[in-house]
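Structure record follows, encoded as structure tokens.
The values are calculated or read from the model by the stated rules, or taken from the named source; none is laboratory data. Remember, it's a predicted structure, so these values are computed and weren't measured experimentally. Please note: Cβ atoms are built from the backbone with ideal geometry, for glycine as well, and neighbour counts cover all protein chains shown.
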Amino acid sequence: MKNTLITKSLYKQLIFSLSILTFLSCELDEEPIFLDASIYNSVSTAQSARDGIYEGLTNYDAQERRYFIANGFSGTFGTGRSGNNVTNLFNRTLMSLKPTADTDNDLLWGRLYSTISRCNAAIANVQTGQSNELDDVAGHAYFVRSWAYYYLVRLYGDVPLWTELPSSTNFSLPLSAENDVYTQIIADAKMAQGLMNGNSGIGYPTKSAAEMLLAKVYMTLATSTTLGSPELSESEYWQMAYDEAIKVYGASGPKGAYSLVTEYANLFDSRQEENTSESIFELQISEAANNSQMGRNYTPFKYKVGMHFGWLSVMASVYDYHVAVYPGDKRIAGTYLTSWTHAANGNTVNVYPNRSRNNFRNAHPYFFKFAEKEPTHQNQFNDQNIIIYRYGELLLMLAEISNELDKDAEKMIYLEEVLDRAGVTARPEYALGKDAFRDAIMDEYKFEVLGEGEDFHHNRRRGFQYFLTNTIKRHNDLIGTAHYVADRDLTLSEDENEVMKLPFPQSELNTNELLD
């Protein structure tokens, strides 16, 4: 059963009945409800503030806009938004890895910083050590702040690092170097790890989410020559990543907290059970209160009765590669939508791999994970929960980490659990040594967690040259061959200065007096 945060009446009174945002530099000035220290003295009101932090992540700008940007900037998606052709505004810019400092960019930045401000208020005012309930509230604030900064630093690089509330004389900060931001991310995740105790109940992340976040951060530092501490080697970072990831794996145990669900597609269907044994960090969505438009934005025309845009499609080259590697993969049906029954006339609608490809929308498969699954649904909003971290990705992380640490006896144990559910056997590359295993496991992220918010990072994590070779050119080099044509397939930028980071938001440049 769905455990929905917004059903708590006090949460609705404090959050949804109020307009709480005032826009300043980094969106860090909140209305008094979050600044009032007294609301953190009571367990019930402090928990309502905690729910307000998570509400910040389900807002349109932090959820729908974040996925549009993260998926669009991954090199694996295109869009029919603003025009049904390969040259529409967003295909020319973001989707072709030539992003501009546009409104989407500004609003995502503002919403993440607004959420950070809510975290800062809780961190400043919750007195830890008094009760498990208040400790848990503080732990959630540290966790979300760590998660938000990890998202920001990967998208933008150097960013302002707010760890306290602004004042009338302090509402601008200079940029902090990426290294310093990562130091803060690690410190916050460790605080969350120590404070989150599961008191909040079903539907909320626990310290395992903080441990998975730490493992991800250490993997990032292991694959960077500039972001980590000069006192730590690559292998030491891989070991640190392993130490955190194995805690989450160990928490599953035989009949423990985490395990793969039987049917992959059920993870993305609100008609099925949510907050499952696979979920490590899952945003709780209610059609009535969250106003989530994920279903509308990802559901193609007339897959359901009404209110559908179908903005994002997966590039045909990505789909073809997946099918070529694992032709019988059960994940394919849960990830891509290529054919459906027209909700109005009952006819069969075929898009890619239909070879006619006479416009952009039928030249690529739609992304099915976030689409509304009920064909009779006719509302603008839907209530499918959004899984941020899950056990399936953790298993791939452990397989990758084990390969880097030469734990050959372990790596296939983790990987085969994922492949077994998908109904496929391991690629030959997995038996051809460390380098071949590395390339294959990086592909495996594309197959298992495509579109779930991390592709932009997975594809870049091993540096520009790796991104160029294994994502950009793998796609670009197909154009002009077989059925791939320039007026239906995006040509991705190969300029390192364009493809690695988003442009700095214009709103921050306009309002932050400490930036040039």
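A few remarks follow.
- Residues being without any contact (Cβ under 8 Å) to a residue 60 or more places away in the chain and surrounded by 18 or more Cβ atoms within 10 Å (Cβ to Cβ) - total across the range 338-368: 8
- Residue in the range 384-392 that is assigned to a loop (DSSP other than H, G, I, E, B), closer than 30 Å to Asn290 by Cβ and touching a residue at least 12 places away in the same chain (Cβ under 8 Å) present: yes
- Matching entry among Glu444, Glu448, Glu452 (being outside any helix (DSSP H, G or I), at negative phi, of a type in the set (Asp, Glu) and surrounded by 20 or more Cβ atoms within 10 Å (Cβ to Cβ)): Glu452
- Residue in the range 89-148 that is surrounded by the most Cβ atoms within 10 Å (Cβ to Cβ), counting only those that are in contact with a Pro (Cβ under 9 Å, 6 or more places away or on another chain) and among the hydroxyl-bearing types (Ser, Thr, Tyr): Ser117
- Verdict on Ala62 being at pLDDT 95 or above and either among the basic types (Lys, Arg) or part of a loop (DSSP other than H, G, I, E, B) (or both): yes
- Taking residues in the range 171-186 that are under 21 Å from Thr511 (Cβ atoms), and partners anywhere that are in a helix (DSSP H, G or I) and of a type in the set (Asp, Glu), not one pair has Cβ atoms closer than 6 Å while being at least 6 places apart or on different chains.
- Only helices (runs of 4 or more DSSP H) whose full extent lies in the range 276-337 are considered here, and the ones with at least 2 residues that are more than 19 Å from the chain's Cα centre (by Cα), touching a residue at least 40 places away in the same chain (Cβ under 8 Å) and within 20 Å of Phe90 (Cβ to Cβ) are 316-325.
- Residue within the range 484-492 that is in contact (Cβ under 8 Å) with a residue 24 or more places away in the chain, of a type in the set (Phe, Trp, Tyr) and farther than 27 Å from Leu227 by Cβ present: yes
- Criterion: closer than 16 Å to Ala324 by Cα and not assigned by TED's automatic domain parsing to the domain that holds Phe73 - qualifying residue of Asp435, Asp443, Asp455: Asp443
- Positions within the range 341-390 being on the phi > 0 side of the Ramachandran plot and aliphatic (A, V, I, L, M), in sequence order: none
- In the range 392-436, the residues that are surrounded by 15 or more Cβ atoms within 10 Å (Cβ to Cβ) and of a type in the set (S, T, N, Q): Ser402, Asn403
Each row is one residue, and each column tells you yes or no for (1) over 18 Å from Tyr258 (Cα atoms); (2) modelled with pLDDT under 95; (3) outside any helix (DSSP H, G or I); (4) touching a strand residue (DSSP E or B) at 6+ places or on another chain (Cβ under 7 Å).
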position	(1), (2), (3), (4)
Leu395	no, no, no, no
Leu398	no, no, no, no
Asn403	yes, no, no, no
Asp406	yes, no, yes, no
Met412	yes, no, no, no
Leu415	no, no, no, no
Arg421	no, no, no, no
Val424	yes, no, yes, no
Glu429	yes, no, no, no
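Okay, residues lined up against (1) of a type in the set (Phe, Trp, Tyr); (2) under 27 Å from Asp383 (Cβ atoms):
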{"residue": "Phe301", "(1), (2)": "yes, yes"}
{"residue": "Phe309", "(1), (2)": "yes, yes"}
{"residue": "Tyr319", "(1), (2)": "yes, no"}
{"residue": "Ala324", "(1), (2)": "no, no"}
{"residue": "Thr335", "(1), (2)": "no, yes"}
{"residue": "Ala343", "(1), (2)": "no, yes"}
{"residue": "Asn347", "(1), (2)": "no, no"}
{"residue": "Asn354", "(1), (2)": "no, no"}
{"residue": "Phe367", "(1), (2)": "yes, yes"}
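- In the range 338-361, residue farthest from Val485 (Cα to Cα) [restricted to those that are within 26 Å of the chain's Cα centre (by Cα) and not basic (Lys, Arg)]: Thr338
- Note on the range 173-197: residues that are of a type in the set (S, T, N, Q) and farther than 26 Å from Met500 by Cβ total 2.
Yes or no, residue by residue, for (1) at pLDDT 95 or above; (2) in contact with a Cys (Cβ under 7 Å, 6 or more places away or on another chain); (3) outside the structural domain of Ala363 (by TED's automatic domain parsing):
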| site | (1), (2), (3) |
| --- | --- |
| Thr262 | yes, no, yes |
| Phe268 | yes, no, yes |
| Thr276 | yes, no, yes |
| Ser279 | yes, no, yes |
| Ser286 | no, no, yes |
| Phe301 | no, no, no |
| Gly310 | no, no, no |
| Ala316 | yes, no, no |
| Tyr319 | yes, no, no |
